[in-house]
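The values are calculated or read from the model by the stated rules, or taken from the named source; none is laboratory data. Every value quoted in this text rests on a predicted model; they were computed, and no experiment measured them. Heads up, the Cβs are rebuilt from the backbone with ideal geometry, glycines too, and the neighbour counts pull from every protein chain shown. To get the accessible areas, we keep the full protein, side chains included, count just its heavy atoms, and leave off ligands, DNA and RNA. Shrake-Rupley method; radii C 1.70, N 1.55, O 1.52, S 1.80 Å.
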There are 2 protein chains.
Amino acid sequence: MTQVRTKPRTPTPRQAARRKAPVDRLLDPAFFKALCDPTRARMVACLVKCGVPCTVSAIAGCCDVDLSVVSRHLKILETGGVLSKIKKGREVVYTVRADDLAHRLRALAAEIEVGCAGCGCPGTGSKTGCCPA
Amino acid sequence: MTQVRTKPRTPTPRQAARRKAPVDRLLDPAFFKALCDPTRARMVACLVKCGVPCTVSAIAGCCDVDLSVVSRHLKILETGGVLSKIKKGREVVYTVRADDLAHRLRALAAEIEVGCAGCGCPGTGSKTGCCPA
DNA sequence: TGCGTACTTGCGTCATTGTGCAAGTATACC
DNA sequence: GGTATACTTGCACAATGACGCAAGTACGCA
């Protein structure tokens, strides 16, 4: 199913840590931090299921925390690149950055497959086998 | 590029929150929590770049924290479904669950696109437009 | 059986983060 | 201009999490 690209490899973790690779950027902790809180995850899931941009008040309606907390969480999600924010009069409308997110997630999936393919480890779908017996 | 599937939609966030959808499971905070710490992110990036299963000691060589801290972080990554662990004698070997991760990330990307497509919001690549003016 | 290596766990400390309340800012409407 | 609505920010507090050290467990080897 997945076509594996060229596969740079570094024998030891110490050496691997020095080498720069796209996966370093894709594993940006700020992005994952944005989604690691249950309240924030619920808010994003809510926006995805809703399918339309929503105001802060509307989003607050789907979680049982104070409006100020919702406002702060939305800011964190915006900083993490998950949501985008548009001011419309006195309302603030938040939207899921769907294209960016999907692109980022797929790129990360590809990088992980490229890095781990061919080592014959369980769960990598490889056949060659490079793990110590 | 992306073929959009059927697109369930719920007008308000409050209603959307009640409706169960795959995105709820895919946005599991435990998974994102595993990757939200800089040290853990570096460890995973290191394993991906390295391309082979590594022992706890070897992984500790690529980050400047105590071995006990590394051991704890690896456990969190295993719990979050990022790594798998195999005991070999007195060594413990950790492997990136590449197939699972790639599958999960792609599934999430697809769900986000399905949920957000067609609303005409910036960053969704849609043309129809359902956002309030 | 004793010893060394590899890893895990208990404990205390410090920093970060999630939360609610209250006050503040910005915008629309009368 | 005054008031209501929508959201943000300051502050205090509790909970969580990352960390190092030290002690403990598991396993291989002589």
Report summary line: Sorted shortest first, the nm distances from the B:Arg18 label point (7 Å along Cα→Cβ) to its counterparts in the other copies are 6.0
Query raised in the report: Can you give the accessible area of B:Asp66, probe radius 1.4 Å, in Å² rounded to 10?
Result: 100 Å²
Report summary line: Amide H neighbours of A:Val92 at under 5 Å, excluding residues fewer than 5 places away on the same chain, with H built from the backbone geometry, are A:Val56
Query raised in the report: Tell me: how much accessible area in total is hidden between B and A, 1.4 Å probe, Å², nearest 100?
Result: 5400 Å²
Query raised in the report: Short version: ³J(HN,Hα) in whole Hz for each residue of the range A:67-74, in order, from phi by Karplus 6.51 cos²θ - 1.76 cosθ + 1.60 (θ = phi - 60°), x for Gly and Pro, what are they?
Result: 4, 5, 5, 4, 4, 5, 4, 4
Query raised in the report: Got a sec to turn the phi values of the range A:31-45 into Karplus ³J(HN,Hα) couplings, 6.51 cos²θ - 1.76 cosθ + 1.60 with θ = phi - 60°, whole Hz, x for Gly and Pro?
Result: 5, 6, 4, 4, 9, 8, 8, x, 5, 5, 4, 5, 5, 5, 4
Query raised in the report: According to the Cα gyration tensor, what semi-axes, each the square root of 5 times an eigenvalue, does the equivalent ellipsoid of the range A:20-116 have, listed from largest to smallest in whole Å?
Result: 28, 13, 12
**Report entry** Hz values of 3J(HN,Hα) by residue in the range A:91-102 - Karplus curve (6.51, -1.76, 1.60), Gly and Pro given as x
**Finding:** 9, 10, 9, 10, 10, 6, 7, 4, 4, 4, 4, 4
Query raised in the report: Taking the label point 7 Å from Cα in the Cβ direction, how far apart in nm is A:Ile76 from each other copy of itself, listed shortest first?
Result: 1.4
Query raised in the report: Under a 5 Å amide H to amide H cut-off, with H placed in plane at 1.01 Å, what residues pair with A:Arg97 once short-range neighbours are removed?
Result: A:Leu83, A:Ser84
Query raised in the report: Name the residues of the range B:10-42 whose amide N is less than 20 Å from a point 7 angstrom out from the Cα of B:Leu67 along the C-beta direction?
Result: B:40
**Report entry** Virtual spin-label span in nm between A:Gln15 and B:Thr12, 7 Å along Cα→Cβ
**Finding:** 6.1 nm
Report task. Output, in nm with one decimal and in ascending order, the distances from the A:Ser57 label point to the matching label points of the other copies (7 Å from Cα along Cα-to-Cβ). Result -> 6.3
